[in-house]
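Trainee: Quick one: the structure is below, questions incoming.
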Amino acid sequence: MTTTSGEFVLADAAAYAQAVTDASLAAGAYYTGGTSALDDDAYDRLVRAVAAYEADHPDEVLPHSPTGKVGGGAVEGDVPHTVPMLSLDNVFDGEQFTTWTASVARRIGHEVTRWNVQPKLDGLAIAARYHEGRLTQLITRGDGTAGEDVSHAIGTIEGLPDRLTEPHTVEVRGEVLMTIGQFEHANEVRTEHGGAPFANPRNAAAGTLRAKERAYTVPMTFFAYGLLPLPGTSAEHAEALRSLAHGELMDRAATLGVNTPATTDVSGLTVDTVEEVLARVEHIAGLRAELPFGIDGIVVKADLAADQEAAGSGTRAPRWAIAFKLPAVEKITRLLDVEWNVGRTGIIAPRAVLEPVDIDGSTVTYATLHNPADITRRDLRLGDHVMVYKAGDIIPRIEAPVAHLRTGDEQPIAFPDMCPQCGSGIDTSEQRWRCERGRNCHLVASLSYAAGRDQLDIEGLGATRVVQLVEAGLVADLADLFALTRDGLLALDRMGETSTDNLLAAIEAAKAQPLSRVLCALGVRGTGRSMSRRIARHFATMDHIRAADAEAMQRVEGIGAEKAPVIVSELAELAPLIDRLAAAGVNMTEPGATPPAPEAETDGAGEPAAAAGPLDGMTVVVTGAMTGPLEKLSRNQMNELIERAGGKSSSSVSKRTSLVVAGEGAGSKRAKAEDLGIRLATPDEFAELVADLLE
Ligand SMILES: NC(=O)c1ccc[n+]([C@@H]2O[C@H](COP(=O)([O-])OP(=O)(O)OC[C@H]3O[C@@H](n4cnc5c(N)ncnc54)[C@H](O)[C@@H]3O)[C@@H](O)[C@H]2O)c1
Ligand SMILES: [Zn+2]
């Protein structure tokens with residue numbers, strides 16, 4: 001039963017027993033990479049109901065009740081922890097936080113005057129034991145007193161080196177998670193191996209960490225938030241570790257070569273007052289959507305070891321730390337419909353239409369469904385309650401159906417038997433279905449894309465005109481555009497002399513576009529604008545690109561072992577088209593780039609020395625409106641300019657940013673650059689810097 005406030009009330013002992021079982025099952029799945037039947041809000045409500053019932057019936061408390069236990073009592077282990085690994089208590093606003101600080105002050109006999117504020121990373125806790133500087137054992141949190149040995153994962157976790165910079169014996173504690181990038185990669189690899197995609201990064205990290213034997217490894221990332229002595233630690237060193245403030249411990253961890261939040265935009269910060277704590281909490285919460293990894297809150301800790309010791313710990317959580325919870329990024333809603341969309345390359349992708357649900361401030365109505373096999377594997381049906389995950393810029397995705405909420409009225413999802421775009425047959429030989437006409441299915445879409453502003457930039461060739469050309473049979477692929485004749489065009493409806501001549505001139509001008517744009521216009525699978533630029537700059541000519549095998553392709557930044565062969569085979573497939581484009585006079589070189597030296601592969605250093613440019617080695621972010629000599633440049637053109645000048649373009653400001661070009665109306669990125677003390681330039685100053693490259 002639920003009350004108006006959405007809280008459960010457990011009516012009797014049977015309802016209580018059922019709730020305890022449901023919570024244990026959910027927690028078991030949640031911590032081991034399985035699928036929980038509850039979202040976090042529902043789980044927390046259930047546990048609150050269990051706690052309320054127990055308060056009224058103290059003699060009926062079941063031994064496996066989740067209340068007051070680390071991990072809800074649903075996980076255990078056989079490797080004892082030296083010091084318990086606990087959970088955290090929560091607050092939800094500044095008022096609750098202030099109340100909590102007062103209770104800490106009462107307990108320790110004075111106000112806390114030094115706090116450490118840090119992100120609450122959304123992964124799972126792990127203890128990494130180093131003996132004489134070597135990583136020897138990884139242990140999960142388990143029930144808090146003992147965890148599971150997951151040492152098989154050593155070597156797959158970035159930020160957790162095999163060797164420390166000093167031969168110390170210490171235990172590093174922290175969170176293992178997947179960044180958004182690692183998560184996308186893990187799902188790509190997993191589905192290629194016929195597995196079901198993970199629902200969210202935390203689930204992916206939990207499942208991956210525990211998987212002992214798998215045909216592939218996928219990387220994860222570690223962030224430290226604790227450092228403590230082990231039995232083998234020298235007495236002197238152990239004493240030092242026990243007396244250091246939390247902030248100092250984190251600096252030690254970083255010096256030892258372990259990753260900490262200091263490498264991110266939300267590094268731990270030591271402050272003196274509650275006001276400063278709350279300001280930092282706001283700041284971190286405001287950055288949540290932009291972070292490359294998930295956080296589910298902000299942790300505030302009493303910084304000084306003496307305060308921590310005086311406050312002590314309960315059975316479930318320490319009394320000197322608290323978590324500010326942020327809104328959940330997973331919610332349960334209903335699957336109303338499935339749409340089938342044909343992508344640029346002919347891939348027919350299912351998309352879920354959802355009953356709109358508010359997740360962390362945005363309304364989610366659609367979610368990705370990967371492929372038909374995945375729908376079958378997860379036995380999704382229309383009308384099902386489904387768990388939806390959405391964080392930051394990530395495309396919302398569906399986890400498994402919540403089977404216990406089924407009513408029996410759910411309907412099977414119908415798969416298309418012909419291409420919904422052009423009516424041709426469907427190639428179902430791979431997991432991802434594809435229209436038999438491949439990229440031609442989307443001839444109109446792909447030609448419009450190729451003619452677009454950031455590709456060949458052919459003015460006057462919008463979708464309507466493309467449809468006209470295709471329907472008249474004048475154009476069947478990209479190369480045909482360059483064979484259009486004046487007479488042919490004049491014979492079309494609504495094509496006068498002027499528009500014909502303008503269009504032909506625009507097509508002629510497009511032949512001089514840099515290779516990066518030509519490559520992008522080809523719509524090679526797995527390469528968008530910035531990837532096309534990187535490939536073009538790396539290889540300098542189309543001939544070099546086409547000569548590259550998968551190994552050579554992997555030397556381009558951002559192309560991994562999975563993507564490289566796809567690009568190589570796509571290019572081979574496109575060879576006849578590329579030949580015809582070249583024959584038509586389309587430029588196939590990248591201005592300012594030099595081809596990789598053939599011996600580059602022997603020294604393993606990879607990247608050949610590029611000609612020095614004014615932005616060599618710099619990472620540049622552009623924000624706001626460009627003015628002066630840069631006024632006409634689109635964001636894409638600005639990025640091209642930066643890369644031609646030897647720099648790297650990026651869309652988000654971080655510590656690694658070297659320069660922010662801030663034009664009129666620049667907002668949060670400029671503010672962040674100022675915060676981080678990053679060099680700022682006006683559009684005019686920047687234009688001067690790269691004057692040689694502006695024609
Ligand atoms: N959906 C479900 O079925 C289900 C089941 C069980 C638990 N849960 C959810 O999990 C939460 C409880 O999980 P929990 O007990 O792991 O507690 P928690 O995740 O709320 O907090 C404790 C954990 O935070 C992590 N952490 C991240 N950054 C940290 C930092 N900087 N310093 C210290 N610790 C940091 C550590 O792993 C630590 O163990 C609840 O919100 C609950 O909703 C959900
Ligand atoms: Zn089709």
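Trainee: Return the residues of segment 41-60 that are surrounded by 16 or more Cβ atoms within 10 Å (Cβ to Cβ) and either aromatic (Phe, Trp, Tyr) or under 15 Å from Arg316 (Cβ atoms) (or both); say none if nothing qualifies.
Mentor: Filtering segment 41-60 for residues surrounded by 16 or more Cβ atoms within 10 Å (Cβ to Cβ) gives 42-43, 45-47, 49-50, 52-54.
Scanning segment 41-60 gives Tyr43, Val47, Val50, Tyr53, Glu54.
Trainee: I would also like to ask the following. Go through segment 335-349 and give me each residue that's surrounded by 18 or more Cβ atoms within 10 Å (Cβ to Cβ) and not hydrophobic (A, V, I, L, M, F, W, C).
Mentor: Listed by number, the residues that qualify are Gly343, Thr345, Gly346.
Trainee: Output the number of the condition that Leu25 fails; it satisfies all remaining conditions of (1) of a type outside the set (D, E, K, R); (2) part of a loop (DSSP other than H, G, I, E, B); (3) within 12 Å of ligand 1 (Cβ to nearest atom).
Mentor: With (1) of a type outside the set (D, E, K, R); (2) part of a loop (DSSP other than H, G, I, E, B); (3) within 12 Å of ligand 1 (Cβ to nearest atom) applied to Leu25, the lone miss is (2).
Trainee: Same structure, new question: Can you work out which of the residues in segment 108-122 that are among the hydrophobic types (A, V, I, L, M, F, W, C) and part of a strand (DSSP E or B) is farthest from Val274 (Cα to Cα)? Talk me through it step by step, then tell me what you get.
Mentor: Residues of segment 108-122 that are among the hydrophobic types (A, V, I, L, M, F, W, C), as a first pass: 108, 112, 115, 117, 121.
From the residues that got through so far, the ones that are part of a strand (DSSP E or B) too are 115, 117, 121.
Values: Trp115: 8, Val117: 11, Leu121: 22 Å.
Among those that are among the hydrophobic types (A, V, I, L, M, F, W, C) and part of a strand (DSSP E or B), it is Leu121.
Trainee: Then there's this: Give the residues of segment 123-182 that are part of a loop (DSSP other than H, G, I, E, B) and within 16 Å of ligand 1 (Cβ to nearest atom), sorted by residue number. Walk me through how you get there before you give the answer.
Mentor: Here is the first cut: in segment 123-182, the ones part of a loop (DSSP other than H, G, I, E, B) are 123, 132-133, 141-145, 148, 150, 154-156, 159-162, 164-169, 178-179.
Selection gives Gly123, Arg141, Gly142, Asp143, Gly144, Thr145, Glu148, Val150, Gly159, Leu160, Met178, Thr179.
Trainee: Only one of these conditions is not met by Ala305: (1) surrounded by 18 or more Cβ atoms within 10 Å (Cβ to Cβ); (2) over 20 Å from Val364 (Cα atoms). Which number is it?
Mentor: Evaluating Ala305 over (1) surrounded by 18 or more Cβ atoms within 10 Å (Cβ to Cβ); (2) over 20 Å from Val364 (Cα atoms) leaves (1) as the failure.
Trainee: Test of understanding: among Gly34, Gly71, which residue is within 13 Å of ligand 1 (Cβ to nearest atom) and at positive phi?
Mentor: Gly71 is the lone residue from the list that is within 13 Å of ligand 1 (Cβ to nearest atom) and at positive phi.
Trainee: Further question: Regarding Thr217, is this residue assigned to a loop (DSSP other than H, G, I, E, B), more than 15 Å from ligand 1 (Cβ to nearest atom) and either assigned by TED's automatic domain parsing to the domain that holds Val176 or not aromatic (Phe, Trp, Tyr) (or both)?
Mentor: Details: assigned to a loop (DSSP other than H, G, I, E, B): yes; more than 15 Å from ligand 1 (Cβ to nearest atom): yes; either assigned by TED's automatic domain parsing to the domain that holds Val176 or not aromatic (Phe, Trp, Tyr) (or both): yes.
Taking the combined requirement at face value, the residue satisfies it.
Trainee: Of all the helices (runs of 4 or more DSSP H) wholly in segment 451-565, which have at least 1 residues that are surrounded by fewer than 20 Cβ atoms within 10 Å (Cβ to Cβ)? Give the derivation first.
Mentor: Numbers: elements: 463-471, 478-481, 486-490, 497-510, 515-521, 529-539, 542-547, 550-553.
The helices (runs of 4 or more DSSP H) meeting that bar are 463-471, 478-481, 486-490, 497-510, 529-539, 542-547, 550-553.
Trainee: For segment 247-264, name all the residues that are under 21 Å from Leu291 (Cα atoms) and either among the β-branched types (Val, Ile, Thr) or modelled with pLDDT under 95 (or both).
Mentor: Our first condition is that a residue be under 21 Å from Leu291 (Cα atoms); within segment 247-264, this holds for 250, 254, 258-264.
Matches in segment 247-264: Val258, Thr260, Thr263, Thr264.
Trainee: Determine which member of the set Glu275, Glu239, Glu248 is free of Cβ contacts under 8 Å to residues at least 40 places away in the same chain and surrounded by 17 or more Cβ atoms within 10 Å (Cβ to Cβ).
Mentor: Numbers: Glu275 fails: surrounded by 17 or more Cβ atoms within 10 Å (Cβ to Cβ); Glu239 fails: surrounded by 17 or more Cβ atoms within 10 Å (Cβ to Cβ).
The match here is Glu248.
Trainee: Could you list all residues from segment 403-427 that are β-branched (Val, Ile, Thr) and more than 13 Å from ligand 2 (Cβ to nearest atom)? Talk me through it step by step, then tell me what you get.
Mentor: Here is the first cut: in segment 403-427, the ones β-branched (Val, Ile, Thr) are 407, 413, 426.
Those that are β-branched (Val, Ile, Thr) and more than 13 Å from ligand 2 (Cβ to nearest atom): Thr407, Ile413.
Trainee: If you don't mind, another one. In segment 331-346, how many are within 25 Å of the chain's Cα centre (by Cα) and in a strand (DSSP E or B)? Walk me through how you get there before you give the answer.
Mentor: Taking segment 331-346 as the starting set, the residues that turn out to be within 25 Å of the chain's Cα centre (by Cα) are 331-335, 338-345.
Going one step further and asking which of them are in a strand (DSSP E or B), we end up with 331-335, 338-342.
Of the residues in segment 331-346, 10 are within 25 Å of the chain's Cα centre (by Cα) and in a strand (DSSP E or B).
Trainee: Here's a follow-up. Of the conditions (1) within 16 Å of ligand 1 (Cβ to nearest atom); (2) under 21 Å from the mean Cα position of the chain (by Cα); (3) part of a strand (DSSP E or B), Ala391 clears all except one; give me its number.
Mentor: (3)
Trainee: Tally up the residues in segment 131-168 that are within 20 Å of Pro84 (Cβ to Cβ) and of a type outside the set (A, V, I, L, M), please. Show your work before the answer.
Mentor: The first filter runs over segment 131-168 and keeps only residues within 20 Å of Pro84 (Cβ to Cβ), leaving 137-150.
From what's left, of a type outside the set (A, V, I, L, M): 137, 140-145, 147-149.
Final tally of qualifying residues: 10.
Trainee: Let me ask you something else. Given the structure, is Val620 more than 17 Å from Gly592 (Cβ to Cβ) and assigned to a strand (DSSP E or B)? Break it down stepwise before answering.
Mentor: On the way: more than 17 Å from Gly592 (Cβ to Cβ): no; assigned to a strand (DSSP E or B): yes.
In short, no.
Trainee: Kindly provide the set of residues from segment 623-652 that are touching a strand residue (DSSP E or B) at 6+ places or on another chain (Cβ under 9 Å), among the basic types (Lys, Arg) and surrounded by fewer than 15 Cβ atoms within 10 Å (Cβ to Cβ), ordered by number.
Mentor: Once the filter is applied, which keeps residues that are touching a strand residue (DSSP E or B) at 6+ places or on another chain (Cβ under 9 Å), among the basic types (Lys, Arg) and surrounded by fewer than 15 Cβ atoms within 10 Å (Cβ to Cβ), segment 623-652 yields only Arg635.
Trainee: Just one of Ala42, Ala51 is touching a residue at least 24 places away in the same chain (Cβ under 8 Å) and either in a helix (DSSP H, G or I) or closer than 22 Å to Gly297 by Cα (or both); which is it?
Mentor: Within the list Ala42, Ala51, the selection yields Ala42.
Trainee: Kindly indicate whether Asp93 is among the charged types (D, E, K, R), within 30 Å of Thr333 (Cα to Cα), more than 13 Å from ligand 1 (Cβ to nearest atom) and exposed (fewer than 14 other Cβ atoms within 10 Å of the Cβ). So that I can check it myself, show each step before the final result.
Mentor: Working: among the charged types (D, E, K, R): yes; within 30 Å of Thr333 (Cα to Cα): yes; more than 13 Å from ligand 1 (Cβ to nearest atom): yes; exposed (fewer than 14 other Cβ atoms within 10 Å of the Cβ): yes.
It is true that Asp93 is among the charged types (D, E, K, R), within 30 Å of Thr333 (Cα to Cα), more than 13 Å from ligand 1 (Cβ to nearest atom) and exposed (fewer than 14 other Cβ atoms within 10 Å of the Cβ).
Trainee: With Asp93, Asp149 as the choices, which residue is more than 16 Å from ligand 2 (Cβ to nearest atom), of a type outside the set (Gly, Ala, Ser) and closer than 20 Å to Ile298 by Cα?
Mentor: Of Asp93, Asp149, the one residue that is more than 16 Å from ligand 2 (Cβ to nearest atom), of a type outside the set (Gly, Ala, Ser) and closer than 20 Å to Ile298 by Cα is Asp93.
Trainee: I'd like to verify a number: residues in segment 400-449 that are within 16 Å of ligand 1 (Cβ to nearest atom) and surrounded by fewer than 17 Cβ atoms within 10 Å (Cβ to Cβ), how many? Before the answer, list the steps.
Mentor: First, the residues of segment 400-449 that are within 16 Å of ligand 1 (Cβ to nearest atom): 400-405.
Going one step further and asking which of them are surrounded by fewer than 17 Cβ atoms within 10 Å (Cβ to Cβ), we end up with 403-405.
Within segment 400-449, residues that are within 16 Å of ligand 1 (Cβ to nearest atom) and surrounded by fewer than 17 Cβ atoms within 10 Å (Cβ to Cβ) number 3.
Trainee: Looking at Glu399, is it within 27 Å of Glu290 (Cα to Cα) and either part of a strand (DSSP E or B) or touching a Ser or Thr at 6+ places or on another chain (Cβ under 7 Å) (or both)? Full working, then the answer.
Mentor: Working: within 27 Å of Glu290 (Cα to Cα): yes; either part of a strand (DSSP E or B) or touching a Ser or Thr at 6+ places or on another chain (Cβ under 7 Å) (or both): yes.
The answer is yes for Glu399.
Trainee: Another question, if that's okay. Are there any pairs, at least 6 apart or on different chains, whose C-beta atoms fall under 7 Å, with the first in segment 453-468 and closer than 14 Å to Asp480 by Cβ and the second of a type in the set (S, T, N, Q) and in a loop (DSSP other than H, G, I, E, B), and if so, which?
Mentor: Leu456/Gln513
Trainee: Report yes if Asp149 is assigned by TED's automatic domain parsing to the domain that holds Gly257 and farther than 19 Å from Asn259 by Cβ, otherwise no. Talk me through it step by step, then tell me what you get.
Mentor: Numbers: assigned by TED's automatic domain parsing to the domain that holds Gly257: yes; farther than 19 Å from Asn259 by Cβ: yes.
When the stated conditions are applied, Asp149 passes them.
Trainee: Sort out which residues of segment 465-505 are among the acidic types (Asp, Glu) and closer than 25 Å to Cys422 by Cα, and write them in order of number. It would help to see each step written out before you state the result.
Mentor: Within segment 465-505, the subset among the acidic types (Asp, Glu) is 471, 477, 480, 487, 493, 497, 501.
Hits for segment 465-505 are Glu471, Asp477, Asp480, Asp493.
Trainee: Would you confirm whether or not segment 191-199 contains a residue that is surrounded by fewer than 20 Cβ atoms within 10 Å (Cβ to Cβ), among the β-branched types (Val, Ile, Thr) and under 30 Å from Gly526 (Cβ atoms)?
Mentor: The initial filter retains those residues of segment 191-199 that are surrounded by fewer than 20 Cβ atoms within 10 Å (Cβ to Cβ), namely 191-196.
Next cut, among the β-branched types (Val, Ile, Thr) only: 191.
Retained after the next criterion (residues that are under 30 Å from Gly526 (Cβ atoms)): 191.
Taking every residue of segment 191-199 in turn, at least one turns out to be surrounded by fewer than 20 Cβ atoms within 10 Å (Cβ to Cβ), among the β-branched types (Val, Ile, Thr) and under 30 Å from Gly526 (Cβ atoms).
Trainee: Also: Check Thr113 against each of (1) at negative phi; (2) in contact (Cβ under 8 Å) with a residue 24 or more places away in the chain; (3) within 28 Å of the chain's Cα centre (by Cα) and name the one condition it does not meet.
Mentor: (3)
The values are calculated or read from the model by the stated rules, or taken from the named source; none is laboratory data. Everything quoted here is computed from the prediction, not taken from an experiment. Note that we place each Cβ from the backbone using ideal geometry, even for glycine, and neighbour counts take in every protein chain shown.
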